[in-house]
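Have a look at the structure below before the remarks.
The values are calculated or read from the model by the stated rules, or taken from the named source; none is laboratory data. From a predicted model like this one, the values you see are computed outputs, not experimental measurements. Surface accessibility is based on the protein's heavy atoms, side chains included, excluding ligands, DNA and RNA. Shrake-Rupley method; radii C 1.70, N 1.55, O 1.52, S 1.80 Å.
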Amino acid sequence: MTLALPRRASAEFAGTALLVTAVVGSGIAAARLSPADTGLQLLENAIATALALGALILTFGPVSGAHFNPVVSAVDWWLGRRAGTGLTGRDLVAYAVAQVGGAITGAVLAHLMFGLPAVTWSRTARGGGHLLLAEVVATAGLVVLVFALARSGRTAAAPAAVGAWIGAAYWFTSSTSFANPAVTVGRALTDTFAGIAPASVPGFVAAQLAGGVVAVAALALWYPHAADTADDVVVPHPTRETEAR
């Protein structure tokens with residue numbers, strides 16, 4: 001029982017780290033390979049991120065659920081706290097710490113693979129109400145998607161569906177769909193294509209948390225029993241009781 005949470009948290013750390021490595025690394029590669037075409041850079045970045053996200057969900061989902069996102073974890077805790085499903089408060093703290101630590105590690109790893117200094121603080125300011133609105137939409141859509149899949153018994157589609165949402169939202173949101181506080185923090189450490197200036201991080205994180213609140217309201221309307229399947233978010237993984245046995 002004592003090893004269950006560390007094992008799950010380590011999966012969240014590794015999965016989030018590799019996700020940010022994919023985001024930052026593909027952004028660096030895109031800028032180098034297509035230096036004169038920003039649209040092509042975004043396309044390359046979006047495709048690599050979507051594919052990596054799907055693969056990472058398949059890899060780590062059976063261990064931790066493959067949240068890789070503090071908002072997903074927070075909503076999982078909030079919805080499941082009364083039903084006895086999903087994350088406990090202790091789990092939530094461990095997941096969030098692992099996700100943020102993993103995101104920072106992933107940015108450093110991407111830099112080292114491309115021969116850059118381990119940390120280069122981003123100078124890309126991303127501000128304005130339109131970008132914050134985009135983050136609310138991107139995050140709310142992501143959270144509703146993963147809980148809807150769990151509640152309707154379609155979690156097998158989660159790797160493709162979540163990857164598809166993020167890949168598409170790169171294009172239909174003005175913010176290019178960060179949709180993840182941990183990833184946002186990690187991307188502040190890179191002054192490359194995927195970066196975000198540290199001063200812009202609080203606004204993005206606040207918008208993402210607001211997106212989580214919007215998602216909770218939407219789930220209450222459309223999937224009122226979503227808490228019953230909180231253990232299946234993003235994909236089914238062993239419950240604490242199962243691991244204890």
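The figures follow:
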quantity	calculated
Spherically averaged projected area in nm², based on the convex hull that wraps the Cα atoms of the range 54-102	3.4
Of T59, T105, T38, the one that fluctuates the most in a GNM where the chain has Cα springs shorter than 10 Å	T38
Candidates G141, G212, G127, ranked by Gaussian network fluctuation over the chain, Cα under 10 Å, top entry	G127
Fraction of accessible area attributable to carbon and sulfur, the chain (%, probe 1.4 Å)	71
Top of Q208, Q99, Q41 by mean-square fluctuation, Gaussian network on the chain, Cα under 10 Å	Q41
Rounded to 10°, Cα long-axis angle of helix 129-151 versus longest principal axis of the chain	40
Sequence of D228, D37, D191, D91 when ordered by accessible area, the most exposed leading, probe 1.4 angstrom	D228, D37, D191, D91
Ratio of the Cα radius of gyration of the chain to 2.2 N^0.38 Å, where N counts its residues	0.96
Per residue accessible area of the range 148-245, 1.4 Å probe, in Å²	40
Angle in degrees between helix 4-33 and the longest Cα principal axis of the chain, rounded to the nearest 10	20
Cα centroid separation, the range 157-186 to the range 199-232 (Å)	14
Solvent-accessible area per residue, Å², over the range 1-144 with all protein chains present [probe radius 1.4 Å]	43
For the range 1-63 versus the range 135-152, the gap between their alpha-carbon centres in whole angstrom	19
Rounded accessible area of I104 (nearest 10 Å², 1.4 Å probe)	60
Rounded tilt (10° steps) of 201-222 against the dominant C-alpha axis of the chain	40
